[in-house]
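Notes to accompany the following structure.
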Amino acid sequence: MTEVARKPRRFPLSTAIPLALLLLFVFLSIAGPWLWGTDAETSNVAVADQGISSAHWMGTDDLGRDVLARTLVATRSSLVLAVLATIVGGCAGVALGLLSAVSRRLGRLIDGAIGLLLAFPALLLAIFFAVLFGIGSVGSVLAVGAAFAPGFARITQTLTASVISKEYVEASRVLGKRPLYLTFRHILPNIGEPVILYSTIHIGTAVLALSGLSFLGLGVQPPSYDWGRLLNEGLTRIYTNPGVGIAPSIAIVLAGLTFNMVGERLSDILGGRTAAPPKLPSKQRGLDPAPARAETTGTTGELVEVRNLRVVYHTVDGVTTPVRDVSFSIAPGEKVGIVGESGSGKSMTASAVARLIDTPGRVEARTLRFLDADLLGHGTEVDRHLGRNMSVVFQDPGEALNPAIKIGTHLVEPSVIHQREPKPAARRKAIKALGSVAISDPARRFRQHQHELSGGMKQRVCIAIGLMGEARLIIADEPTTALDVTVQRQILRLINDIGEMTGAGLLFISHDIAVVSELCDRILVMYAGFVVEEARTADVFTSPAHPYTAMLLAASPDMDTDKSRQLPTIDGRMPGPGVDLPGCYFAARCPRADVTCTESAPPLRTLAEGHRVACWHPLTGAGAAGDDELTGVEAKI
Ligand code: SF4
């Protein structure tokens, strides 16, 4: 039998050295006072002020106590105080960071205070706070903790902002969850790891800061002692006996380096997470008269009714309006698509319907209704109503699922919260839902985390979450953009099947008009925050009336597209949400534009039944220009 020699697993020095030093410090903290306590505490004037010798490797102090023994014994107090100061700073900083991230009122105030305190070196702040809190061990721990708090607060703010903007947090908000729940359920589990790594590194800095305070006489007071205190006591004799300075100095530097190295290594091994600034639950407001252009009637007996919807952001740079005046409706079971290029307002429109517009965004409308709920109303009841009856599938399934909790938990929550189902029943329902979106081995997937699934599978999970409630409307915001073509097709088919199976209406958002046409009965084309054309899907393809729709279709390749010719593009750029124009927003890119177009805004008017367009010179229908002009548009694109 051949024995295969196993290559021993290498333990890199970069890990072994900090780990060994950390273990050494832990050992000294625990055993130091027992092993060397007597030598460190017992006075013996017969050997006072001795230099380095074989009996006393670092000499003795003015009472004849062994300096090395005192340094080793001081490990416990030095490290315990450093850990306590880091905990104080960490707790205060994390609390402030979270508060500033989730509190609209206090956010700016705390942010300003953090910025101000971060402008000063931490040690300078620690000295200032030590004077405030009082001299001694407790005062120095509080002082160093207070000096560290702004750093912790800033990193918490940054990390929280990153997590809070994730789609799984948005989804929880749709479920009507309160900020405290979001904090403990989603934010803390996801920022915990980098904050702990940051804390580890700060223990080393705390050792230096506390030693500094003790050295200055502001920290540990006699008869207690830490490394800084030993340095302070030996300072006057450092020229006659360098050992009194060397021993505690080496200990301070070594401890600082050790915790820094441990933190760095942990960071390398575990990785960190990043983040950004705070947001709060959406605030939907009542009607603020919007400049009515025209009414689109859509269908009757609406599941969703939107009239003169505007989304407005008041920023320091002025007012921006990404959704300007949108009206549409969705009948039960109807599939409606919204298409348009990036920035056209399609996702914002869907977010307004799902009550996901964040502050400082403001939603205004004459009517914004889903089933019998007024979406402009306040209170968690409306959110619960949405949680029960609306399902949202986001673009990036990786962002939509909380990496810290299991797939099953995402599915079980809606049933437990909204239908008050017992957990075992919700679990069975969840596994069935996973099976119905064609996920193999659903019981196993139920126990997994999102990183164990492929992109397509994650998106299936998101769709399955929608099946856990009694979704009457599915909002799918670019659900296939992050997926490859094969998986895209599967997901589109799945969304279609789920719609057929449950009878739910669909609001499907995409920049790809071909993808929308595969699913939807009716298409809204959006441009610069307006609906510029609305028609049945077949009519959009056979007789587009708005030049922009025609250009979008020409820019979308199909099986008959001549591959030898360059795909047409639409020249120019769409006006931004901060631009206000008196006329048609498409005029600068439109080959048909004339003075009327640039001077007055075209209303959304009816061309034929179910076909409406906002254009002074539509390509088809009543008021259409001749074929020569249509040819001109096509020639342009
Ligand atoms: S209103 Fe004028 S500028 Fe606007 S799309 Fe129609 S023809 Fe073009």
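The values are calculated or read from the model by the stated rules, or taken from the named source; none is laboratory data. All values derive from a computational prediction rather than experimental measurement. Glycine also receives a Cβ, built like all others from the backbone with ideal geometry; neighbour counts cover every protein chain displayed.
Numbers at a glance
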item	result
Tally, over the stretch 222-242, of residues that are surrounded by fewer than 24 Cβ atoms within 10 Å (Cβ to Cβ) and small (G, A, S)	1
Filter pass, P577 being under 30 Å from H314 (Cβ atoms), more than 9 Å from the ligand (Cβ to nearest atom) and touching a residue at least 40 places away in the same chain (Cβ under 8 Å)	yes
Test: residue in the stretch 493-512 that is within 13 Å of the ligand (Cβ to nearest atom) and either assigned by TED's automatic domain parsing to the domain that holds S327 or within 31 Å of the chain's Cα centre (by Cα) (or both)	no
Strands (runs of 3 or more DSSP E) wholly inside the stretch 309-371 that include at least 2 residues being under 25 Å from D512 (Cβ atoms)	318-330, 335-339
So V73, is it under 19 Å from D226 (Cα atoms), surrounded by fewer than 21 Cβ atoms within 10 Å (Cβ to Cβ) and in the same structural domain as A48 (by TED's automatic domain parsing)	no
When residues of the stretch 76-105 are limited to those that are over 30 Å from Y225 (Cα atoms) and hydrophobic (A, V, I, L, M, F, W, C), the one surrounded by the fewest Cβ atoms within 10 Å (Cβ to Cβ)	A95
Selection status of G572, surrounded by fewer than 15 Cβ atoms within 10 Å (Cβ to Cβ), within 14 Å of the ligand (Cβ to nearest atom) and within 40 Å of the chain's Cα centre (by Cα)	yes
Selection count, the stretch 620-633, where residues are in a loop (DSSP other than H, G, I, E, B) and either at pLDDT below 50 or near the ligand (Cβ under 9 Å from one of its atoms) (or both)	2
Qualifying residue in the stretch 319-335 (condition: in contact with a Ser or Thr (Cβ under 8 Å, 6 or more places away or on another chain), modelled with pLDDT under 50 and either of a type in the set (D, E, K, R) or farther than 21 Å from R612 by Cβ (or both))	no
Matching residues, the stretch 374-384, being crowded, with 19+ Cβ neighbours inside 10 Å and not in a loop (DSSP other than H, G, I, E, B)	D383
Answer residue from the stretch 339-392, given it is hydrophobic (A, V, I, L, M, F, W, C) and at pLDDT below 80 and is farthest from L492 (Cα to Cα) among those	V382
Single condition G37 does not satisfy, out of (1) touching a strand residue (DSSP E or B) at 6+ places or on another chain (Cβ under 8 Å); (2) part of a helix (DSSP H, G or I)	(1)
Residue list for the stretch 514-553, filter: part of a helix (DSSP H, G or I) and away from the ligand (no atom under 16 Å from the Cβ)	A514, V515, V516, S517, E518, L519, T537, A538, D539, F541, T542
Selection count where residues are assigned to a helix (DSSP H, G or I) and surrounded by fewer than 19 Cβ atoms within 10 Å (Cβ to Cβ), scope the stretch 111-126	8
When residues of the stretch 586-613 are limited to those that are more than 7 Å from the ligand (Cβ to nearest atom) and among the small types (G, A, S), the one farthest from G529 (Cα to Cα)	A608
Some residue of the stretch 54-71 being within 29 Å of G145 (Cβ to Cβ) and part of a helix (DSSP H, G or I)	yes
Among (1) touching a Ser or Thr at 6+ places or on another chain (Cβ under 6 Å); (2) within 23 Å of V416 (Cβ to Cβ) - the single one I357 does not satisfy	(2)
Output for the stretch 574-596, where each listed residue is within 14 Å of D325 (Cα to Cα) and among the hydroxyl-bearing types (S, T, Y)	Y585
Cross-chain or 6+ apart pairs with Cβ under 9 Å, the stretch 364-375 first and among the hydroxyl-bearing types (S, T, Y), then assigned to a loop (DSSP other than H, G, I, E, B)	T367/L287; T367/L376
Any hit, the stretch 434-450, residues being surrounded by 17 or more Cβ atoms within 10 Å (Cβ to Cβ), outside any loop (DSSP other than H, G, I, E, B) and among the β-branched types (V, I, T)	no
Scope the stretch 303-353; condition at positive phi and surrounded by fewer than 20 Cβ atoms within 10 Å (Cβ to Cβ); matching residues	G318, G333, G343
